Structure formats: structure tokens, C-alpha cells
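Reading through the C-alpha cells given below for one structure.
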Amino acid sequence: NWTMASFIDKEIERIRAIVGPSGQVVGAVSGGVDSTVAAKLMKDAIGDRFHAILVDNGVMRLNECQAVKEILRNRLGINLEVVDASDLFLGRLAGIKNPEKKRKIIGNTFIEVFEKQAALIDERTAASGHGKIDFLLQGTLYPDVIESISFKGPSATIKTHHNVGGLLDDMKLKLIEPLRELFKDEVRALGKLLNIDDELVWRHPFPGPGIAIRILGEVTPAQVAIARAADYIYIEEIKNAGLYRQISQAYAALLPIRSVGVMGDQRTYEQVIALRAVETTDFMTADWFPMPYNVLKRISNRIINEVKGVNRVVYDVSSKPPSTIEWE
Ligand code: XMP
């Protein structure tokens, strides 16, 4: 695909021209395809003068932080710093049940942690002769640009998606957005050309507030452990069944109710996992995915047998609208 290959060369030249010979750039990465492709382009353009920051907010998926670190740092050679702020996030989330409050706390804490880390990097590299950090990398795609101009996206008004607008003002950073003219499928093609692992290129989108908005009710370390374990099994079995790419987004939600069950001759009174899987092109509307019964059976058996604290699994058969993709 020569068009994409020439896009890479042109974009790298453009980034070098904008940043200059000693400028520095900072950017948040999440392990998603957009931020990873943007980070890899930046690394190819300016090497270690690009600083990627991965904030562990305590509500990422099971083992995800470690996996993202391994791919970005070791396989892609990106200059990555991981900040483990999970205790800070989980501490602030204690007692909070309202979905929008969770989003606000996570969004604000993220900005705070990110800014602090960027300031540390600035301090540390001041002696190296590089300029101060004056650019912020964002993996904004063309549809995001359109949505923020028209501000008509239903999810933008129904659920506040956190953005990093605050960083631009507080830190006086200029925005650099190498993907702003691309659609998702083009970013995936670009990712392949940049030798990014298939697993990452095809990863389902994951919300900034993570599994905090997939744990209904209070987010405690014990609830996080249950939600993580169930979600991991669910995604693993979807991949085993060869369905991962057909599904646009899938996750396990942990419901804040208990139901009665039986194990051996013991009565149990434990929590419920709701499985969600949707097909969509734009995430504005979505159909529930017709998961094969045999796959559901395997997933349900595994979750109930392997995840302590869960005795019931249900499948969500609601489309958007009127439901949304996330339960919160
Ligand atoms: P809904 O639930 O509104 O989700 O149908 C549509 C898409 O947006 C994602 N989503 C979020 N992404 N921060 C994010 O970064 C959020 O607060 C948030 N809420 C929903 C959701 O995962 C789906 O892809």
C-alpha cells in the first residue's frame, strides 16, 4: 500500500519540521491502536525526544499495564514511562457510585498525574540541552475532529468523555495530531506497516475510565479483581472461538446485586456478571452480537467455576439506542 507508506514518510518529515531539532513532545498512551500508532510515528520521527506516559489508573484490564509496557517499550522501542497511580485512583473512587462522578474523578486525577510526570521529565531533561517540552501528542482521528467540531455525538452529551483540553491550557502545550486526517481502518493499516502487533492493531476500544464504569456501584479492589477475572475469561474465549474481530466491543460488567445459587449442597448468595458484545461501525448505534450458544456456555461455565464471588452469568441482548454500549 504505497499511499500509506508515503503517508508515513511525509508525516515523519512534518513532525520533524514542527518539533524542530531539539524540541520535546509528551503524550499519553493507553495500549489502544490510536495512541500506539501515534506514539510509534513520533518515535520514528524524533526518537527519545518523544516521551510516552502510561498512567496505571488501577482500572485497566487484567495484566494490561504490563502487556502494554512490554509491547511499547521492548518491541516498539518507544521511550515509555509507566506511572503506577492505582492506589491514588482507587482511593478517590472509594464510596463513589455515580457513573458521572466516577468519570470526573478519573479524568481529573489522570490530568493531575500526567502533568506531574511531564513536569518531572522536563526537570530531568533540562540539563540535556533539549528544549522544554512544548508539544502534546494526541491520537485524534478524523471522526473525533468532526465530532468535536459539531459536538453532535450522542455519547459526548450523554456521557462526559474525558479529554486533555486542560493540559493544553495549564502546561501551555501545543497540540500535535498526526492521525487527524485518518479513519480507523487507515490507522489499522498504518499500524501494520509500522510493525505493530496484530493483537494491538485490532484491540477493541476501551474507555478512559476503564472497568470503573463496568463495575456498577462502588469500585473497590475486591470488585475490580472480580470484574477483571471475568472479563479476561470472556475475551479469551471470544478469541478462542475466532470471533474477536467480528465483534466491535465486548466486556464483562459486574452487577451490584446478589442472587441465590447452589454449589454442592450449599446455598450461595453471590454477584452477577453481565456479558456485553456489540457490532457497530461508528459506536453511535450498535446491535447486540448474536453470540453462539456453545460459546456462551463455555464462557458461563468458566466464569462461574473460576471467578470467586460470581454464581450467575447473563447475556445482554439490548441494542443502542435505546441502551448504550457501556452500562454506566
Ligand atoms: P456508550 O456507552 O455511550 O459508548 O454507548 C460509546 C463508546 O464510547 C466509549 N465510552 C467512553 N470512552 N471515556 C471514554 O474514553 C468514557 O467515559 C466513555 N464512555 C463510553 C464506549 O466504550 C464505546 O466505545
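The values are calculated or read from the model by the stated rules, or taken from the named source; none is laboratory data. No experiment lies behind these values; they were computed from the predicted model shown. Virtual Cβ from ideal backbone geometry, glycine too; neighbours counted across all protein chains shown. With ligands, DNA and RNA removed, areas are computed over all heavy atoms of the protein, side chains included. Shrake-Rupley method; radii C 1.70, N 1.55, O 1.52, S 1.80 Å.
Of all DSSP beta bridges located in the chain, what percent are antiparallel, nearest 5?
On the way: 16 of 38 bridges.
Taking every DSSP beta bridge within the chain, about 40 percent pair in antiparallel fashion.
Straight-line reach from Lys172: which aspartates and glutamates fall under 12 Å, measuring Cα to Cα and dropping same-chain residues less than 8 apart?
Glu115, Asp134
What's the magnitude of the charge dipole for segment 162-264 around its Cα centre, counting Lys and Arg as +1 and Asp and Glu as -1 at the beta-carbon? Answer in Debye, nearest 20. Write out the running numbers ahead of the final one.
Numbers: 12 positive and 13 negative charges, 22 e Å.
Magnitude of the dipole: close to 100 debye.
Cut-off 10 angstrom, C-alpha nodes, Gaussian network model of the chain. Which of Val260, Val272, Val187 fluctuates the most?
Val260
Determine the alpha carbon to alpha carbon distance for each of Lys97/Lys132; Lys10/Lys102; Lys10/Lys239; Lys69/Lys101; Lys10/Lys174; Lys116/Lys239 and list only those over 31 Å. Please report the intermediate quantities before stating the final value.
Numbers: Lys97/Lys132 40 Å; Lys10/Lys102 41 Å; Lys10/Lys239 36 Å; Lys69/Lys101 29 Å; Lys10/Lys174 20 Å; Lys116/Lys239 38 Å.
In this structure, Lys97/Lys132; Lys10/Lys102; Lys10/Lys239; Lys116/Lys239 lie more than 31 Å apart at Cα.
Once you list every other residue whose beta carbon is under 13 Å from the beta carbon of Lys132, what net charge do they have if Lys and Arg are +1 and Asp and Glu are -1? Walk me through the numbers before you get to the answer.
Numbers: positive: Arg49, Arg124, Lys172, Lys174; negative: Asp122, Glu123, Asp134.
Every neighbour counted, the sum reads +1.
Calculate, for Gln266 and Arg298, the FRET efficiency according to 1/(1 + (r/R0)^6) with r their C-beta to C-beta distance and R0 22 Å; round to the nearest 0.05. Don't jump to the answer; show the numbers that get you there.
Working: r = 24 Å, r/R0 = 1.10.
Using R0 = 22 Å, I get an efficiency of 0.35.
Taking Lys184 as the anchor, which lysines have their alpha carbon closer than 18 Å to its alpha carbon, excluding any fewer than eight residues away along the same chain?
Leaving aside lysines fewer than 8 places away in the same chain, those within reach of Lys184 are Lys40, Lys192.
Stretch Arg73-Ala17 to full length: gain in nm at 0.36 nm per residue minus the Cα-Cα span?
On the way: separation 56, 0.36 × 56 = 20.16 nm, distance 2.51 nm.
Length difference between fully extended and current span is 17.7 nm.
For the chain, set up a Gaussian network in which alpha carbons nearer than 10 Å are linked by springs, and say which option among Asp282, Asp265, Asp87 fluctuates the most.
Asp265
Restricting to segment 217-328, compute how many DSSP beta bridges are antiparallel as a %, nearest 5. Could you put the intermediate results ahead of the total?
Numbers: 16 of 21 bridges.
Taking every DSSP beta bridge with both residues in segment 217-328, the antiparallel ones total about 75 percent.
With every protein chain left in place, what is the accessible area per residue of segment 274-314 in square angstrom, probe 1.4 Å?
On the way: 2330 Å² over 41 residues.
Ligands and nucleic acids excluded, the result is 57 Å² per residue.
May I ask you to list the GluC sites (Glu not before Pro) in segment 186-241 that are in a DSSP loop and have at most 16 other Cβ atoms within 10 Å of their Cβ? Intermediate results must be reported in sequence, preceding the final value.
Numbers: sites: Glu186, Glu199, Glu218, Glu236, Glu237; in loops: Glu218.
When the GluC sites (Glu not before Pro) of segment 186-241 are filtered for loop state and at most 16 Cβ neighbours within 10 Å, Glu218 remain.
Determine, from the Cβ-Cβ distance of Lys10 and Asp185 and an R0 of 22 Å, the FRET efficiency 1/(1 + (r/R0)^6), rounded to the nearest 0.05. It would help to have the intermediate numbers written out before the result.
Values: r = 19 Å, r/R0 = 0.87.
So the FRET efficiency works out to roughly 0.70.
At 7 Å along the Cα-to-beta-carbon direction for both Leu193 and Asp282, put a label point, then send me their distance in nm to one decimal.
Computed distance between label sites Leu193 and Asp282 equals 2.6 nm.
Compute a Gaussian network model of the chain, connecting alpha carbons closer than 10 Å, and tell me which residue from Pro209, Pro292, Pro221 fluctuates the most.
Highest fluctuation of the listed residues: Pro292.
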